[in-house]
Amino acid sequence: MESTHRIVAELRQCGMVADPASFDVRNYAECASACTDLLTCGPIQILVNNAGLHDDAPLAGMSMNQWYDVLNVSLNGFFNVTKPLLLPMIRTRWGRIVNVTSVAAVIGTRGQTNYVAAKAGLNGLTKSLAREVASRGITVNAVAPGVIDGGMARTILTNDFIKAMVPMKRAGTATEVAALVGFLVSEEASYITGQSIGINGGMA
């Protein structure tokens with residue numbers, strides 16, 4: 001939560017209104033309650049589903065908990081957060097939903113069948129939901145990052161691995177991903193919907 005409070009403070013310094021909210025995306029009741037509280041200030045018209053979890057193992061050795069924990073965060077988390085916010089967004093006849101998936105959902109990665117299943121599911125539902133709400137002025141797109149500097153990339157991926165896997169020979173940055181998300185939620189992207197857009201340095 002420390003980074004969340006820092007971001008909130010930065011937004012407030014820029015004259016914006018920002019309030020932190022913390023809840024477990026795996027729990028529908030908790031999500032519904034938190035979203036109800038957030039909606040007291042008005043409909044939420046931009047939603048970025050960015051929750052994700054890694055718990056890697058070859059499928060033959062993967063536990064049931066590893067499988068369901070990853071799907072519950074990435075895939076069920078999408079449903080648990082998006083559903084309570086969707087009807088209020090539809091009533092405004094304008095909205096932007098961006099689902100953060102992964103290049104792994106496109107190319108597949110060993111030892112990550114749970115993660116790939118969850119992120120590929122997000123790619124698929126992005127297309128379906130986009131069709132459902134297109135006539136209401138709402139776009140739904142997915143952003144599929146590749147190797148991004150920070151977090152997991154810094155701890156387990158060597159420079160040699162990145163150079164071998166990524167045609168651009170470097171990791172991407174969170175700022176580059178944020179710029180793509182920022183464009184997709186803007187008015188300039190109003191005719192883009194149902195797309196899964198890779199930002200992966202040429203990996204796929």
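Residue-by-condition table, conditions (1) of a type outside the set (Lys, Arg); (2) in contact with a helix residue (DSSP H, G or I) (Cβ under 9 Å, 6 or more places away or on another chain):
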{"residue": "Phe78", "(1), (2)": "yes, yes"}
{"residue": "Gly111", "(1), (2)": "yes, yes"}
{"residue": "Leu122", "(1), (2)": "yes, yes"}
{"residue": "Lys163", "(1), (2)": "no, no"}
{"residue": "Thr175", "(1), (2)": "yes, no"}
{"residue": "Glu188", "(1), (2)": "yes, no"}
**Q.** Residue that is modelled with the lowest pLDDT [pool: residues in region 2-24 that are assigned to a loop (DSSP other than H, G, I, E, B) and either under 18 Å from the mean Cα position of the chain (by Cα) or not aliphatic (A, V, I, L, M) (or both)]
**A.** Asp19
Q. What are the residue pairs meeting all of these: first residue in region 6-32, first residue loosely packed, with under 11 Cβ neighbours inside 10 Å, second residue among the charged types (D, E, K, R), Cβ atoms under 8 Å, and 6 or more apart or on different chains?
A. Ala21/Asp37
Q: Quick one: Asn27 ticks every box in (1) among the polar types (S, T, N, Q); (2) at pLDDT 95 or above; (3) within 18 Å of Pro88 (Cβ to Cβ) except a single one, so which number is it?
A: (3)
Q. Looking only at helices (runs of 4 or more DSSP H) that fall completely inside region 119-204, which ones have 2 or more residues that are charged (D, E, K, R), more than 21 Å from Val81 (Cβ to Cβ) and free of Cβ contacts under 8 Å to residues at least 12 places away in the same chain?
A. 159-165
**Q.** Scope region 32-79; condition farther than 21 Å from Ala144 by Cα and either in a loop (DSSP other than H, G, I, E, B) or within 16 Å of the chain's Cα centre (by Cα) (or both); matching residues
**A.** Thr40, Cys41, Gly42, Pro43, Ile44, Gln45, Ala57, Pro58, Met62, Ser63
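Table: residues versus (1) under 17 Å from Gln45 (Cβ atoms); (2) surrounded by 12 or more Cβ atoms within 10 Å (Cβ to Cβ); (3) at pLDDT 90 or above.
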{"residue": "Val140", "(1), (2), (3)": "yes, yes, yes"}
{"residue": "Gly150", "(1), (2), (3)": "no, no, no"}
{"residue": "Phe161", "(1), (2), (3)": "no, yes, no"}
{"residue": "Lys169", "(1), (2), (3)": "no, yes, yes"}
{"residue": "Tyr191", "(1), (2), (3)": "no, no, yes"}
Q. Being within 18 Å of Asn50 (Cβ to Cβ), in a helix (DSSP H, G or I) and of a type in the set (A, V, I, L, M), is that true of even one residue in region 95-102?
A. no
Q | Condition broken by Pro84, with the remaining ones in (1) crowded, with 19+ Cβ neighbours inside 10 Å; (2) within 23 Å of Ala60 (Cα to Cα) satisfied | A | (2)
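The values are calculated or read from the model by the stated rules, or taken from the named source; none is laboratory data. Fair warning: this is a prediction, and the values are worked out from it, not measured in the lab. Neighbour counts are summed over all protein chains in view; Cβ atoms, including those assigned to glycine, are modelled from backbone coordinates with ideal geometry.
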